[in-house]
Amino acid sequence: MSAFQCNSLPKKLMAQDFVTSNVKITSWIGLNDLDIEGHWVWVNNQPLNNSVEFWMKQNNKISEPDNWTKVHPDGEDCASLGHPEGETDFWTDAYCFEEKGFVCEASAAV
């Protein structure tokens, strides 16, 4: 499932603490910088609020997003929750062709 198919599904972009407590596998969150490197936009073309602090931070190492190009020269242009090692309490940039779950936004049931 690509990060972009989420746009046609019922959407559910929930509060980060809710997502990280309920999603236990690395998942696409519908955020990318495909058009302009470093300019992150949601699948509805709304820009990411620059005050967001969910990107993975590493002490004395490169933090996310890092646009890693070692596997593919185009780099990492899609954001995901967590990484394949299991942690899901932060965002990373990833190769858009990777297979992951997805998190979508939906109206709350009343």
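Bear in mind these aren't lab numbers, they're just calculated from the coordinates by the rules spelled out. Since we're looking at a predicted model, the values are computed, not measured. Positions of Cβ are generated from backbone atoms using ideal geometry, with glycine treated the same way; all protein chains shown enter the neighbour counts.
If R₀ is 35 angstrom, what is the calculated FRET efficiency for the pair residue 70 and residue 36, using the beta carbon separation as r and rounding to 0.05? Don't skip to the end; give the middle numbers.
Details: r = 22 Å, r/R0 = 0.62.
The computed FRET efficiency comes out at 0.95.
Which order, highest average first, do 92-101, 38-47, 24-33 follow once you tally other Cβ atoms within 10 Å for each residue and take the mean per peptide?
Values: 92-101: 17.3, 38-47: 13.3, 24-33: 20.4.
Ranked by mean Cβ neighbours within 10 Å, highest first: 24-33, 92-101, 38-47.
Taking R0 as 25 Å, what's the FRET efficiency between residue 22 and residue 83 from their Cβ-Cβ distance, rounded to 0.05? Walk me through the numbers before you get to the answer.
On the way: r = 17 Å, r/R0 = 0.69.
Once the sixth-power term is evaluated, E becomes 0.90.
Residue-wise, which Karplus ³J(HN,Hα) couplings in Hz belong to the range 69-82, taking 6.51 cos²θ - 1.76 cosθ + 1.60, θ = phi - 60°, and x for glycine or proline?
10, 5, 8, 9, x, 6, x, 9, 10, 10, 8, 10, 7, x
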